[in-house]
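J.: Below: one structure in structure tokens.
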Amino acid sequence: MDFKVEIAYLLEKVTQQPQQEIIGTIEVPPNKEMGDFAYPCFRLAKQFRKAPPLIAQELSEKIEKPNFIDSVKVQGAYLNFFVKKQVYAQEVLQEVLSKKENYGKSTVGEGKTIVIDYSSPNIAKPFHVGHLRSTVIGNALYHIFEKLGYRCEGINHLGDWGTQFGKLIVAYQKWGSKEAVEKDGIQELMRIYVKFHDEAEKAPQLEDEARGWFVKMQNGQEEALALWKWFYDISITEFDRVYDMLGVHFDAYTGESFYNDKMDAVVKELKEKNLLKESEGAMIVDLEEEKMPPCLIIRKDGGTLYATRDITAALYRKKTYHFDKCIYLTALDQNLHFAQWFAVIKKMGYDWWKDLIHVPFGLVSLDSGKLSTRHGNVVLMEELLNQAIAETKKIIEEKNPDLPNKEEVAKKVGIGAVIFNDLYNSRVKDVVFSWERMLNFDGETGPYVQYTHARACSILRRGQCTLPKNIDYTKLTDEASIEVLKLLGQFPEKIQEAADKLEPFIVTRHIVNLAQAFNKFYHDNSILNSEENTKQARIALVIAVKTVLSEGLAMLGIQAPEQM
Ligand code: ARG
């Protein structure tokens, strides 16, 4: 039973409003004195030509109270519905326990495709904490949309083409060696890349040399391409190690270089549509009407740009995947870039330009300030994850030295803590790394939710519990149980809300709330030592909580160990 739908049905009869519209206005009140569901009557004032509180009063008298409603009360302009607690408990628990890990799944996305462009690090530069956010948020959105029935295509739009490779080739030839690159991989590539920038400040002609090499790459010159491919392979091997640690996978690794042979056609199309203009030797699309700087399509030296490849990629993806939405995860500082080339797609006459969505996020910072690749203030992702694991291991040694599979658990918890920290706030907020806060088992953290899940598992293990057959739902009407049930019941709508707003933190917060409510329930009630009917009902609740916590974590890309 969907209570909202049922209540909307009751209201439809007395208000003559369409049910769908009513569903949209029914609220879940912030505190329980206001009932389980509330219907605001403001909107009816025009139609009824009466003050909203009066309308609420009259409606409350007209409504025929069905069996599942305990009472309907008027508070100001609101009609507050109180659902019978045991009915509520029964509806929610039956739903969770019968659907198990499929609880919250829906079909709203059936037949629709979402392309998610995420992670997308730059080859030959290290995978740094800045890329963590794109990876983690993209991965969570992937799971969230999948849960809602969408077909997702996860794309890693690797930064594997562009003038930086010209710089890298120059740097390699001047200051690098085969042995050093083979030995230190990305680290060494980064070292020479940073050196290039330092040296180029003194000797600007290095930039011209670098551009020359990039032009060679574009013309398919063998030596240039061989070096590029070598840097590429080294980078991918290292990225994949990090993706494995994070448990992230992609459906395609079509990076910028994939579009090399596809850009000509797009440039031609821009020309034919009269959108290309010459400006200081370069080719641009003018965006004055849109009040933005022009979008650069071809450089003075003939080179293509980041935007040229993004435009080409979008056309390719539309043709290949027929997406309903294509979303891009990058830091806020790329807002203008996306706004510009989205505008170009619009000017080309493609109405699906509005299905291109940039999903920006804030920066990651350590105490030392913003992290940037170019000046070497980088924390390699792998190092960071390893540190998270090591810190977690210390805590486990202290709290639970006899735990079996300590290594395994430390990995799940340490990495989970990093992911959780990243997904805890609204995307645009900056993320600050603080080991102390992230790994606090009592805070609003990944380890806390994982620990609560492990606690539920431990109760079930100790009691050798199986799913009870007959549940007496009247045993779950105490305040603490009802609070847990409510949060369980809201899980599906939270998933939908997270998808609508493209905000995984809505799921993150929800499972923290559920974990907190469950811990209160656990604190207030004895479970295994209570009277048999009560015990069985409580066990059912524990099973449901365990299921939703582990599924909630899984959607965020976090594993849930059974013991920790
Ligand atoms: N490689 C870019 C960077 O590290 C991100 C690419 C995002 N995706 C895109 N289609 N532009 O900043």
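The values are calculated or read from the model by the stated rules, or taken from the named source; none is laboratory data. Remember, it's a predicted structure, so these values are computed and weren't measured experimentally. Glycine gets a Cβ as well: all are built from the backbone with ideal geometry, and neighbour counts include every protein chain shown. Surface areas here come from the heavy atoms of the whole protein model, side chains and all, with no ligands, DNA or RNA. Shrake-Rupley method; radii C 1.70, N 1.55, O 1.52, S 1.80 Å.
J.: Just one of Leu315, Leu336, Leu332 is open to solvent by 50 Å² or more (accessible area, probe 1.4 Å), within 15 Å of the ligand (Cβ to nearest atom) and either within 18 Å of Tyr259 (Cα to Cα) or touching a residue at least 60 places away in the same chain (Cβ under 8 Å) (or both); which is it?
T.: Values: Leu315 fails: open to solvent by 50 Å² or more (accessible area, probe 1.4 Å); Leu336 fails: either within 18 Å of Tyr259 (Cα to Cα) or touching a residue at least 60 places away in the same chain (Cβ under 8 Å) (or both).
The conditions single out Leu332.
J.: Quick one: which residue in Lys347, Lys325 is farther than 27 Å from Val215 by Cβ, within 16 Å of the ligand (Cβ to nearest atom), in contact with a helix residue (DSSP H, G or I) (Cβ under 9 Å, 6 or more places away or on another chain) and open to solvent by 50 Å² or more (accessible area, probe 1.4 Å)?
T.: Numbers: Lys347 fails: within 16 Å of the ligand (Cβ to nearest atom).
Going through Lys347, Lys325 in turn, just one is farther than 27 Å from Val215 by Cβ, within 16 Å of the ligand (Cβ to nearest atom), in contact with a helix residue (DSSP H, G or I) (Cβ under 9 Å, 6 or more places away or on another chain) and open to solvent by 50 Å² or more (accessible area, probe 1.4 Å): Lys325.
J.: Inside the range 40-147, counting only strands (runs of 3 or more DSSP E) that do not spill past its ends, which hold 1 or more residues that are under 30 Å from Phe196 (Cβ atoms) and within 16 Å of the ligand (Cβ to nearest atom)?
T.: On the way: elements: 69-75, 78-83, 113-117.
Where strands (runs of 3 or more DSSP E) fall fully within the range 40-147 and carry at least 1 residues being under 30 Å from Phe196 (Cβ atoms) and within 16 Å of the ligand (Cβ to nearest atom), they are 113-117.
J.: So Asp310 fits all but one of (1) acidic (Asp, Glu); (2) within 16 Å of the ligand (Cβ to nearest atom); (3) over 23 Å from Lys346 (Cβ atoms); what number is the exception?
T.: (3)
Residue-wise test of (1) out of contact with any helix residue (DSSP H, G or I) (no Cβ under 9 Å at 6 or more places or on another chain); (2) over 19 Å from Gly557 (Cβ atoms); (3) open to solvent by 70 Å² or more (accessible area, probe 1.4 Å).
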{"position": "Asp240", "(1), (2), (3)": "yes, no, no"}
{"position": "Gly247", "(1), (2), (3)": "no, no, no"}
{"position": "Val267", "(1), (2), (3)": "no, yes, no"}
{"position": "Ile284", "(1), (2), (3)": "yes, yes, no"}
{"position": "Leu287", "(1), (2), (3)": "no, yes, no"}
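J.: Tell me the residue from Ile144, Ile169, Ile155 that is β-branched (Val, Ile, Thr), under 17 Å from Ile506 (Cβ atoms) and open to solvent by less than 10 Å² (accessible area, probe 1.4 Å), please.
T.: Ile144
One line per residue, one yes/no per condition, for (1) surrounded by fewer than 19 Cβ atoms within 10 Å (Cβ to Cβ); (2) touching a residue at least 60 places away in the same chain (Cβ under 8 Å); (3) at positive phi:
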residue	(1), (2), (3)
Arg462	yes, yes, no
Ile471	no, yes, no
Thr474	yes, yes, no
Glu497	yes, no, no
Pro504	no, yes, no
Thr508	no, yes, no
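J.: Which of the following residues is open to solvent by less than 50 Å² (accessible area, probe 1.4 Å), in contact with a helix residue (DSSP H, G or I) (Cβ under 7 Å, 6 or more places away or on another chain) and more than 26 Å from Asp500 (Cβ to Cβ): Phe81, Phe37, Phe68?
T.: Values: Phe81 fails: more than 26 Å from Asp500 (Cβ to Cβ); Phe37 fails: more than 26 Å from Asp500 (Cβ to Cβ).
Going through Phe81, Phe37, Phe68 in turn, just one is open to solvent by less than 50 Å² (accessible area, probe 1.4 Å), in contact with a helix residue (DSSP H, G or I) (Cβ under 7 Å, 6 or more places away or on another chain) and more than 26 Å from Asp500 (Cβ to Cβ): Phe68.
Conditions (1) touching an Asp or Glu at 6+ places or on another chain (Cβ under 7 Å); (2) under 30 Å from Gly414 (Cβ atoms); (3) surrounded by 20 or more Cβ atoms within 10 Å (Cβ to Cβ), marked per residue:
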position: Trp228; (1), (2), (3): no, no, yes
position: Ser235; (1), (2), (3): no, yes, yes
position: Phe250; (1), (2), (3): no, yes, yes
position: Tyr253; (1), (2), (3): no, yes, no
position: Phe258; (1), (2), (3): no, no, no
position: Lys273; (1), (2), (3): no, no, no
position: Glu278; (1), (2), (3): no, no, no
